[in-house]
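Heads up: the structure comes next, in structure tokens.
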Amino acid sequence: QTLAARTFHVSHEMTINDVRQARLVLLEGIDNAILRLIKSEPKAMMDEPRGMFDTTHIAQLLKTDQLDEAIVELDKLQAKVIKVFDQEAADKEVVPQIQNLIASLKQE
């Protein structure tokens, strides 16, 4: 196999950094969906602490490949979103994105 062929092959494989970055992009999508939900239903947030949907700790788990722990935290996040905004509102955008990230973590 020529060097060019080997180089081409390697460039098509995702490195662990690419994988970690892809996870964080999905998490960012979840954050953005939650922010849109908060803006569309501000009344639901009136009695809730501001940082309750903070995902910094989940990002840290994803960066350090603690995937099982990240899945547990994503499940908790989903439960909080459903509790605050109700199932129907959560299902519009946030739940599918959380489930998508969980599914991708389970495949790794």
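The values are calculated or read from the model by the stated rules, or taken from the named source; none is laboratory data. Since this is a predicted model, take the numbers as computed values, not measurements. Cβ atoms come from the backbone with ideal geometry, glycine included; neighbour counts cover every protein chain shown. Accessible surface areas use protein heavy atoms only, side chains included; no ligands, DNA or RNA. Shrake-Rupley method; radii C 1.70, N 1.55, O 1.52, S 1.80 Å.
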Taking GLU73 and the conditions (1) over 21 Å from GLU108 (Cβ atoms); (2) of a type in the set (Asp, Glu); (3) open to solvent by less than 70 Å² (accessible area, probe 1.4 Å), which numbered condition does it fall short on, given that it satisfies the others?
(1)
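The rows are residues; the columns are (1) at pLDDT below 95; (2) at negative phi; (3) part of a helix (DSSP H, G or I).
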position: ALA4; (1), (2), (3): yes, yes, yes
position: MET14; (1), (2), (3): yes, yes, no
position: VAL19; (1), (2), (3): yes, yes, yes
position: LEU24; (1), (2), (3): no, yes, yes
position: GLU28; (1), (2), (3): no, yes, yes
position: ILE34; (1), (2), (3): no, yes, yes
position: LYS43; (1), (2), (3): yes, yes, yes
position: GLN60; (1), (2), (3): no, yes, yes
position: ILE71; (1), (2), (3): no, yes, yes
Filtered residues of segment 89-102 (kept if more than 16 Å from LEU35 (Cα to Cα) and either without any contact (Cβ under 8 Å) to a residue 40 or more places away in the chain or over 10 Å from the mean Cα position of the chain (by Cα) (or both))
GLN99, ILE102
What's the number of the condition VAL81 fails, among (1) β-branched (Val, Ile, Thr); (2) touching a residue at least 40 places away in the same chain (Cβ under 8 Å); (3) surrounded by fewer than 16 Cβ atoms within 10 Å (Cβ to Cβ)?
(3)
Whether any residue in segment 50-57 is loosely packed, with under 14 Cβ neighbours inside 10 Å, under 13 Å from the mean Cα position of the chain (by Cα) and hydrophobic (A, V, I, L, M, F, W, C) is what I want to check.
no
